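> Here it is: the structure, laid out below.
Only the coordinates and a few stated rules stand behind these numbers; no lab work does. Computed from a predicted structure; not experimentally measured. Every residue, glycine as well, gets a Cβ built from its backbone with ideal geometry; the counts of neighbours run over all protein chains shown.
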Amino acid sequence: MSTKANVHDPSQSPGLHLPGSNGEAMPHPRAGWWRRATLTLYRLSRSTQFVIAATVILGLTMAFVGNLVSKTIERSAVQAAANAGGLYMTTFLEPYVQELTSADRLSVKTASAIDRLMTSPTLNEHVVSVKIWRPDGTIIYSTNKDIVGKTFTADDLTQALKGQTITEWGPLTAEENAYERSLGIPLYEIYAPLREFGTDRILAVGEFYEKAEMLHDEIARIRQEVWIIVGTATLSMLLLLFATVRRGERIILQQQLALSRQMQEQARLNNQNISLQRKITSANQSFSRVNELILRRLGADLHDGPAQLLTLILVRLDELAVLQERYKENGGDFDLEALESLRHAARDALGEIRDISRGLALPEINGMPLRQELELVVKRHELRTETHVRLSCNELPENVPLAHKTCIYRFIQEALNNAYRHADGRGQEVSASFDQGVLEIKISDGGDGFDTEHLAAANHQQRARLGLAGMRYRVESLGGQFHIQSNPDDGTTVSARFRL
């Protein structure tokens, strides 16, 4: 009878709030434990993690194998004992059941003979109870006389009537086993078919109960030996796996350390290369500034030195011209042609020196935007050569280093000078673009072009070759890329790319 208690539900009480009563997620009480165990396992070494996993998997597998082997041995041992016991009891009981060929029960004389047989010390030492079953399930003989003549249902009886020897190992719970249970000792029961002499006809089934202490001890001993063998094999495999994995882990750790040191060394070399690259870039920029200062000083020296002397020569030649007139008036003879030749030579030299000075002089572009600088260099070229230059620009960066601005100014200046000298100023165009941190400057003309691969073979283009080499040097000294393309159909285009 079951009793159902009335349990009060606290969640129904007013004013009492429970976690999860309003749809809140209730944390599982084992969630924190599982998380801590997972973190603890994650912090262990790989070999320890592998051994734990292998212990669980291999332990379960070997436990299953050991249990299967022990049960198989147990069944084999019980069956072997049952077969031996069945053969033994059949030899004793079959002579007493031969009268069942003509009767349906045993006589009192036969039952008394079996009782005397059961008192034999040799048999009584092992067998404590005997039953003889008729094929219809009626017990016609039993050590316990209270059940003689009663009919019971037993599945093992059906199997024994088919000619098999059946063994039952375990607690005796059937109704006809009340007497055997009262003995209080471990027993196993054996069903053996009893046949008619000379034929395979089964007259009855003999059931006897044999003491199981020796069999129980033998099975326990075999189980112990099996588990010792399985445990030793499992432990040996785990130790071997641990040693193998541990050695592999040490090799991996050594390789990781070596790789880490190599990566650190690579990072150090990379940083050193970056530092050297920065120093080279800084040195190139400093060289560009020094070179520009030298050019400015050279231009100033040309203007203030030889140009002034040539100016003085021209002034003195003008004075000589006045003296010549006076000399003629006085009837003298003066070489006017030689005087004019000197004057023209001095004027030509003065013009060339002033042109060189203007070319070497660089306007103040420090605070000038890049677009305004491009417009300035184009305008100065147009005024000097009386030609037209097309200028096209998109959005240009506001802040450009002075070294780059100076390089761009000289690059455009030299390229336009080459276009004027070799293409007569046809199709002159300057374009500038800025995209994803890359500044590109292009100067093109509509001249006849030239062979860029055999440029050095032309002696009359010596000056142009030196100009191109200077432009390339200027651009590449600041980490830029210089490119030239020329063919008879499209003229010549030079370009410089800088990553700002």
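> Could you work out how far apart the two model spin labels at ARG36 and ARG201 are, taking each label as a point 7 Å from the Cα in the direction of the beta carbon, and quote it in nm?
With each label placed 7 Å out from Cα toward Cβ, I get 7.8 nm.
> Taking only pairs that are 8 or more places apart or on different chains, how many Lys pairs in segment 49-219 have Cα atoms under 21 angstrom apart?
Count of close lysine pairs: 9.
> Can you give the local net charge around ASP424? Use residues other than it whose beta-carbon is closer than 14 angstrom to its beta-carbon, Lys and Arg +1, Asp and Glu -1.
-1
> For the pair GLN485 and THR387, what calculated FRET efficiency results from E = 1/(1 + (r/R0)^6), where r is the Cβ-Cβ distance and R0 = 30 Å, to the nearest 0.05?
Once the sixth-power term is evaluated, E becomes 0.90.
> Tell me the trypsin sites (Lys or Arg not before Pro) within segment 116-156 that lie in a loop according to DSSP and have at most 16 other beta-carbon atoms within 10 Å.
For trypsin sites (Lys or Arg not before Pro) across segment 116-156 that sit outside H, G, I, E and B with at most 16 neighbouring Cβ atoms in 10 Å, the list reads LYS150.
> May I pose another question? I want the antiparallel fraction of DSSP beta bridges within segment 365-499, as a percent rounded to 5.
Roughly 85 percent of the beta bridges in segment 365-499 run antiparallel, per DSSP.
> Next question. Filter the GluC sites (Glu not before Pro) in segment 365-440 to those in DSSP coil with at most 16 other Cβ atoms within 10 Å of their Cβ, and list the result.
GLU386, GLU395, GLU398
> Over segment 160-279, what number does the Rg to Rh ratio reach, with both radii from the alpha-carbon atoms and Rh per Kirkwood?
Working: Rg = 36.2 Å, Rh = 22.0 Å.
Ratio value, two decimals: 1.64.
> Let me ask another. Name the residues whose placed amide hydrogens come within less than 5 Å of the amide hydrogen of ALA204, ignoring near sequence neighbours (fewer than 5 apart) on the same chain.
Amide H to amide H, under 5 Å and 5 or more residues apart or across chains, ALA204 pairs with LEU194.
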